[in-house]
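The values are calculated or read from the model by the stated rules, or taken from the named source; none is laboratory data. Computed from a predicted model, the values in this text were never measured in an experiment. All Cβ positions, even for glycine, are placed from backbone atoms using ideal geometry, and neighbour counts span all protein chains on display.
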Amino acid sequence: MDSATTSFPSILSHITNAILNHEILALPVLPKRRGIPPLQTFAPLKSILPCDFHLLNLRSIQSQQQDPHSPSPYTAMILHRLALDCGFEAQNLGFNCTTTQGQLSVSGLFKNLDLQLLQPMSLTLMHAGTPLANDSTISLDPMEISAFKLKLR
């Protein structure tokens, strides 16, 4: 049996991985033409997430009504908390990064949107947990993936 300790990647390696695997795609936009409205930007978050959280998915949940094209008032948010090894210290990495030790306030996460429902869900979004108070702080352990059902207005 090997007695060597196993550790997690450093914050620098997590950020490098995110940049390489989730690169920003700049899509060209045609100049304004008559009758074509300009594209709107959508930036729902007030600020960036803490460095130890990764937003895997933020999407609308399909409506349960008969009309499959009717919009649903619910949103699915799937979060992954990264595990960090802080043993590697590098001088002046060039980024400002903070962690919250696995704590995240969802009610203060979105700008211009009020949180009406915060409900833990299974990763398949098929099984619901007990709804939490709207001002609750969620807590995730390192390397945990959690799904939540939100109602934003």
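A few comments on the model shown:
- Any pair with Cβ under 7 angstrom, 6 or more apart, that starts in segment 1-12 at a residue that is under 18 Å from F53 (Cα atoms) and at pLDDT 60 or above and ends at one that is surrounded by 10 or more Cβ atoms within 10 Å (Cβ to Cβ) and not charged (D, E, K, R): F8/A83; F8/L84; S10/L84; S10/F88; I11/C51; I11/L84; I11/C97; L12/L93
- Just one of the listed residues (D135, D141) is under 18 Å from the mean Cα position of the chain (by Cα), farther than 27 Å from N21 by Cβ, among the acidic types (D, E) and modelled with pLDDT of 85 or more, namely D135.
- In this structure, S47 does satisfy being out of contact with any His (no Cβ under 6 Å at 6 or more places or on another chain), at pLDDT 80 or above, under 23 Å from L118 (Cβ atoms) and loosely packed, with under 11 Cβ neighbours inside 10 Å.
- Taking the criterion of being free of Cβ contacts under 8 Å to residues at least 60 places away in the same chain, more than 18 Å from Q62 (Cα to Cα), surrounded by fewer than 17 Cβ atoms within 10 Å (Cβ to Cβ) and not polar (S, T, N, Q), the residues of segment 103-131 that qualify are D114, G129, P131.
- I61 fulfils the conditions (1) over 23 Å from I19 (Cα atoms); (2) modelled with pLDDT under 90; (3) surrounded by fewer than 15 Cβ atoms within 10 Å (Cβ to Cβ) except for a single criterion, (3).
- One residue stands out among those in segment 68-87 that are of a type in the set (G, A, S) and either closer than 25 Å to S13 by Cβ or modelled with pLDDT under 90 (or both): the one that is surrounded by the fewest Cβ atoms within 10 Å (Cβ to Cβ), which is G87.
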